[in-house]
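Accompanying notes for the structure given below.
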Amino acid sequence: MEFLSYLSPMFFALVGFGVIVGIIFGAIPGMTATMAVAVCLPMTYALDLINGLALLLGLYVGGISGGLVPAILLKIPGTPSSITTTFDGYPMTQKGEGERALKTGITASLFGGIFSAVILFLFAPSLADFAIKFSYVEKFLIILFALTVIASLSRNLLLGIFSGVLGVWFSLIGSYDISYGGNGEYRLMTDAMVPYLESGFSLLPVLIGLFGLGTIMQEAEKGIREEVGKGKKLDLNGGTPFSFSVFKGEMINLIRSSSLGTFVGMLPGVGGSAASVLSYTQQKNFSKHPEKLGKGAPEGVIASEAANNGLTGGALIPLLSLGIPGDSTTAVLIGAFTLQGIQLGPLFIGNNLDTWNTMMVALLFANLVMFFVMFFAIRTIVKVITIPKYLLYPGIIMMCVVGAYAINFGIMFDVWTLLFFGLFGYLGQKVGLEVAPFIIGFILGKQAEVYFVKSLESFGSLTIFFTKSPIAMVLWVLILISVVFSIYGMIKQKKNNNKHA
Amino acid sequence: MKFLKSGLAVAMAAFMGLAASQASAADVELAKNLRIVIGSKSTGGDTYQNSAIVAQALADKLGINVKVDAVGSSAAFKTLRRISNGSTIMIFHDQSYLGYLYGVKGYFNIFEDFTVGPTVAINPGNSYLVPKSSPYQSIEDIIQACASDKKIRVAIQPGGVSEIGFSALKNAIKLRYPGKEANLVAVNTGSQSDKNQLLFDGQADLINGSVQANEQYTQLPAEDQKAMRFVWLTARPETIKQTKPEGFGDTSQEHLLDFVSPKASVTQDGEKDFTFDKEFFFIYNKKMDPAIVDALDEALGEIYAEGKIQETQKKSFFIPNFKPSAEAAAYLKDKMGQYEVIIDSIK
């Protein structure tokens, strides 16, 4: 228990500080957990490894958790992994259940965070051994599995799939990056576009453009007269108030979503957003009332938030037991280790037991701080929606623009991307484009391509996708079940609608 | 009145700030805020780590703010091309010209389009590994396997530092066993994680890696699917000899020397062995005031003369390697010329 001597008041203060700053970063559209960690990384030079990690882990947990605030209150995902939180969180806010949605989300986040930390602590090395069983083929199938969410998210199946494919298409614009093993050639653009688009569209400006700017444009179209004229006041607690009984019957959902989050987190290269997307789909497939999802069902918020916080422990598994980051934020965390001259790899845990134990304490403490800070600050946070929209929205646009400009260290084209996709989302929805499937296609498209092409390059045959391993076969079964459930759900809903009509 | 007072205070402060910045500008002709863009997007990689060490030393020496931004090569070159006043400079490594030699889009001849500045450090870790259970015990075994028509698949990231060792190996096979070089096949992939994965999956016989990222894998027992073995380090022997005697992790310097020329020999031209040290250096806008180049050379010269930065670099397994701009440019140009011959010979 020598590690206990490292746990100074400074250690806990740094975790707490990190969590609060992380929440702020996560809550501002356009700023992410990755950014929070990257911005604060140089601060850790002045600290020793333990205290440096305390700060960074606090930032990580806070940053991932903060994203639910704008997702629920404003329908703008604060981070890419909180996209699915908007699906039910925002409708809840519209019903006057903003506070309930936030508290539900925060509690689910706490569960997911603690769950994954425990899994990390108990099983990291053996899970890392399992993770390396996933080659290009299995990773492609995981992405494909996540893509099946498009079917269950679409209002109109055909338009939804079209939007998803369009999203994939947009994600492929740019070069086939050599850093993924590509040939560096440019695709889907003219020579004139090369200076701007050689690396393609950045995810974050696209995301906040579609969700943030697009939504604001829609609201602007309605005009502010309606709101002022009717003297309508947004209700903060009009609907069902929050109580922990909302989790009754949701234990399976919580565990499944946290497990999926942890599992996706530990697969390097699959990406964090896939975690919440996958668990949301599964909740929709297994829900007793799938028709309620997307219309303000707390179970949707639970699935999404448990998964994206489950990611935190999951993404640390390959980092600490293979020396390989599980997601973009843990990739930045590596910096803290290398700058302190600590070697990461399969022997890290055994060689650095004290560091490992203190990291676990930091992770658990960060989750608790996140819970208490957010849970009790909610009464204040939720008042954001009472700010008149003509004051609120310009502020949000400003933050979106600053976030888009800053995400790649000052690229003006990212601001144009934000505006373009804002307009695209606004106009697209008028002609039936479905934003959620589009963005999911966009997020997963690039990885899907790389893993698909690399699988073919490695194995040379399409049949390998079916025959590579038992894991691949299980994944195909899951994909099939997911698609069948979605179609079945849609047919059932259509029948219900017809009955009501 | 209060407003007037505070207004005056602000004006005064602004004036004083301006005067101070002018005074320091006259001294060192450097911007008060120096931005270093790097050719990598990772803040966990060696480029960032090395740049952060140098940036900190420069900031302390010159009393200026120095910020390192991991923007990636394409954005870094673009930014550098735009800003000539010396407020933004770049740090990168051999990839900057190897990308050009391999014809990767977004790379230029840095010696023509930019000004090459001082070198600051070497990362001696570029290496090649096989699974621990592999029948190939050395890089010579790999060459012999190709000579006897066995296909050897090598996982690399194409277009740069990761590929140059592969090209050299192919060139060596071609020189010794003409026509057999086709048996050495590249498996193009991305990150270190992907390269490792190909080895775990049995989809590659040899992978490019680094001492820093892969050393722990070499300590695993042979029955572990993840266990690996070094067969070749591309660094010059004199570079490895400058590492600490304890080497890296559990691999001593003496043991590391087993994988370096002349013990691990890959011929470059039939006479001397091929070596490759990954060196970090500054790159400037072509139109940047030469006085700034000199000022940075001078500042770095003093930093290295003090000797403290060397300790920090060695702690992170970098080999200090300061060469002033003119010397560095000539040296790197020659290095590029040598690699150009190799790349051309196997086209």
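The values are calculated or read from the model by the stated rules, or taken from the named source; none is laboratory data. Quick caveat: nothing in here was measured; it's all calculated off a predicted structure. Methodologically, a virtual Cβ is constructed for each residue, glycine included, from the backbone with ideal geometry; neighbour enumeration extends over all protein chains shown. Heavy atoms of the whole protein, side chains included, go into the accessibility calculation; ligands, DNA and RNA do not. Shrake-Rupley method; radii C 1.70, N 1.55, O 1.52, S 1.80 Å.
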task: Please state which one of A:264, A:270, A:228 is modelled with pLDDT under 90 and closer than 27 Å to residue A:123 by Cα.
output: A:270
Count of residues meeting criterion [under 27 Å from the mean Cα position of the chain (by Cα) and facing chain B (nearest Cβ under 7 Å)] in the stretch A:334-350: 4
query: For residue B:327, are the conditions met, namely being outside the structural domain of residue B:144 (by TED's automatic domain parsing), in a helix (DSSP H, G or I), modelled with pLDDT under 95 and open to solvent by 60 Å² or more (accessible area, probe 1.4 Å)?
result: no
message: Here are the criteria: (1) under 20 Å from residue B:68 (Cβ atoms); (2) open to solvent by less than 30 Å² (accessible area, probe 1.4 Å); (3) more than 15 Å from the chain's Cα centre (by Cα). Tell me which single one residue A:53 does not satisfy.
response: (1)
field: Residue selected from the stretch B:221-265 under the condition crowded, with 18+ Cβ neighbours inside 10 Å and of a type in the set (Ser, Thr, Tyr), by the criterion nearest to residue B:313 (Cα to Cα)
entry: B:243
query: Within the stretch B:289-311, is even one residue outside the structural domain of residue B:163 (by TED's automatic domain parsing), open to solvent by 70 Å² or more (accessible area, probe 1.4 Å), touching a residue at least 12 places away in the same chain (Cβ under 8 Å) and under 20 Å from the mean Cα position of the chain (by Cα)?
result: no
message: Are there helices (runs of 4 or more DSSP H) fully within the stretch B:60-135 with at least 3 residues that are open to solvent by less than 20 Å² (accessible area, probe 1.4 Å)? List them.
response: B:73-82, B:95-101
query: For the stretch B:171-191, what are the residues that are part of a helix (DSSP H, G or I) and open to solvent by less than 30 Å² (accessible area, probe 1.4 Å)?
result: B:171, B:172, B:173, B:183
task: Can you tell me which residue among A:106, A:64, A:24, A:72 is part of a helix (DSSP H, G or I), surrounded by fewer than 24 Cβ atoms within 10 Å (Cβ to Cβ) and β-branched (Val, Ile, Thr)?
output: A:24
- request: Output the residues belonging to the stretch B:324-347 that are under 15 Å from the mean Cα position of the chain (by Cα) and basic (Lys, Arg).
  value: B:335
query: Which one of A:466, A:421 is of a type in the set (Phe, Trp, Tyr), modelled with pLDDT of 90 or more and open to solvent by 50 Å² or more (accessible area, probe 1.4 Å)?
result: A:466
Complete set of residues in the stretch B:125-154 that are charged (D, E, K, R) and touching a Pro at 6+ places or on another chain (Cβ under 9 Å): B:132, B:141
query: In the set A:395, A:410, which member is of a type in the set (Gly, Ala, Ser), surrounded by fewer than 19 Cβ atoms within 10 Å (Cβ to Cβ) and closer than 22 Å to residue A:68 by Cα?
result: A:395
- request: List the number of the failed condition for residue A:387; all other conditions in (1) open to solvent by 20 Å² or more (accessible area, probe 1.4 Å); (2) away from chain B (no Cβ under 14 Å); (3) under 23 Å from the mean Cα position of the chain (by Cα) hold.
  value: (3)
- prompt: For the subset of the stretch A:296-333 comprising residues that are farther than 26 Å from residue A:252 by Cα, surrounded by 24 or more Cβ atoms within 10 Å (Cβ to Cβ) and more than 8 Å from every other protein chain (Cβ to nearest Cβ), which member is farthest from the chain's Cα centre (by Cα)?
  reply: A:321
task: Give the number of residues within the stretch A:355-384 that are open to solvent by less than 30 Å² (accessible area, probe 1.4 Å) and touching an Asp or Glu at 6+ places or on another chain (Cβ under 8 Å).
output: 2
query: Among the listed residues B:59, B:76, which satisfies the condition of being within 13 Å of another protein chain (Cβ to nearest Cβ), more than 20 Å from the chain's Cα centre (by Cα) and more than 30 Å from residue B:217 (Cα to Cα)?
result: B:59
- request: Would you point out which residue out of A:376, A:365, A:409, A:413 is in a helix (DSSP H, G or I) and either within 14 Å of another protein chain (Cβ to nearest Cβ) or at positive phi (or both)?
  value: A:413
query: Across the stretch A:168-215, which residue is farthest from the other protein chains (Cβ to nearest Cβ) among those that are closer than 19 Å to residue A:439 by Cβ and open to solvent by 50 Å² or more (accessible area, probe 1.4 Å)?
result: A:169
message: Checking the structure you have, find out if any residue of the stretch A:429-441 is modelled with pLDDT under 90 and not in a helix (DSSP H, G or I).
response: no
- request: Look at the stretch B:201-220 and say how many of its residues are more than 23 Å from residue A:184 (Cβ to Cβ), modelled with pLDDT under 95 and surrounded by fewer than 21 Cβ atoms within 10 Å (Cβ to Cβ).
  value: 2
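The rows are residues; the columns are (1) within 19 Å of residue B:226 (Cα to Cα); (2) at pLDDT below 90; (3) touching a Phe, Trp or Tyr at 6+ places or on another chain (Cβ under 6 Å).
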{"position": "A:317", "(1), (2), (3)": "yes, no, no"}
{"position": "A:325", "(1), (2), (3)": "yes, yes, no"}
{"position": "A:337", "(1), (2), (3)": "no, yes, no"}
{"position": "A:344", "(1), (2), (3)": "yes, yes, yes"}
{"position": "A:352", "(1), (2), (3)": "no, yes, no"}
{"position": "A:357", "(1), (2), (3)": "no, no, yes"}
- request: Please state which of the following conditions residue A:482 fails to meet, knowing it meets all the rest: (1) open to solvent by 60 Å² or more (accessible area, probe 1.4 Å); (2) part of a helix (DSSP H, G or I).
  value: (1)
- request: Assess whether residue A:365 counts as being at pLDDT 90 or above and more than 30 Å from residue B:76 (Cα to Cα).
  value: yes
message: Going by what's in this entry, would residue A:190 be described as hydroxyl-bearing (Ser, Thr, Tyr), without any contact (Cβ under 8 Å) to a residue 12 or more places away in the chain and over 26 Å from residue A:455 (Cβ atoms)?
response: yes
The one condition in (1) open to solvent by less than 10 Å² (accessible area, probe 1.4 Å); (2) within 14 Å of chain B (Cβ to nearest Cβ); (3) closer than 23 Å to residue A:254 by Cβ that residue A:86 fails to fulfil: (2)
statement: How many residues of the stretch A:125-165 are among the small types (Gly, Ala, Ser) and more than 14 Å from chain B (Cβ to nearest Cβ)? The answer is 7
- request: Working carefully through the options A:137, A:149, A:165, find the one that is open to solvent by 60 Å² or more (accessible area, probe 1.4 Å) and touching a residue at least 12 places away in the same chain (Cβ under 8 Å).
  value: A:165
- request: Output the helices (runs of 4 or more DSSP H) that fall wholly within the stretch B:192-307 and possess 2 or more residues being over 22 Å from residue B:169 (Cα atoms), or say none.
  value: B:192-200, B:211-218, B:253-256, B:290-306
